[in-house]
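Accompanying notes for the structure given below.
The values are calculated or read from the model by the stated rules, or taken from the named source; none is laboratory data. Treat the numbers as computed from the prediction; the structure is a model and nothing was measured. Positions of Cβ are backbone-derived with ideal geometry, glycine not excepted, and every protein chain shown enters the neighbour counts. Remember, those area values only see protein heavy atoms, side chains included, never the ligands or the DNA or RNA. Shrake-Rupley method; radii C 1.70, N 1.55, O 1.52, S 1.80 Å.
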Amino acid sequence: MNLKDDEIMIEDDQGKETIYKILFTYTHDERKKNYLFAYLESTPEDVYIFSYDETNHSLEAVIDEEEFKECSEILSDFLKDEKIEVEDAH
């Protein structure tokens, strides 16, 4: 399976692989953490937020309430930006 530059394959605990489309990434300088905002092509309205570590090649869902709230605000700002157009998944 060939992935495009805007896709990432994530394997769950049961070994099921799912391909997500990458909406954008964000680095929080104070926390020194990287975030990945992605969605499934079948449900582009549902955005998933992950933290990732490039050095260890690890990816985790953001579950901390404060961290999730902050990332949700960043997502909201991203989606409100009129200069950015998100393609509809068809």
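A simple rule links phi to the HN-Hα coupling: the Karplus curve 6.51 cos²θ - 1.76 cosθ + 1.60 with θ = phi - 60°, which for segment 43-58 gives 9, x, 6, 9, 9, 9, 10, 10, 9, 9, 10, 5, 5, 8, 6, 10 Hz, with x for Gly and Pro. Note on MET9 and ASP77: their simple-model spin labels are 3.5 nm apart, each label 7 Å out from Cα toward Cβ. In this structure, the amide hydrogen of GLU7, modeled 1.01 Å from its nitrogen in the peptide plane, lies closer than 5 angstrom to those of ILE22, counting only residues at least 5 positions away or on a different chain. In the context of the full set of protein chains, segment 1-86 has a per residue accessible area of 77 Å² (1.4 Å probe). Average projection, convex hull of the Cα set of segment 24-84: 4.9 square nanometres.
For LYS33, the amide hydrogen comes within under 5 Å of the amide hydrogens of HIS28, counting only partners 5 or more places away or on other chains and with H modelled in the peptide plane.
Placing a pseudo-label 7 Å from each Cα along the Cα-to-Cβ vector at TYR52 and GLU17 gives an inter-label distance of 1.6 nm.
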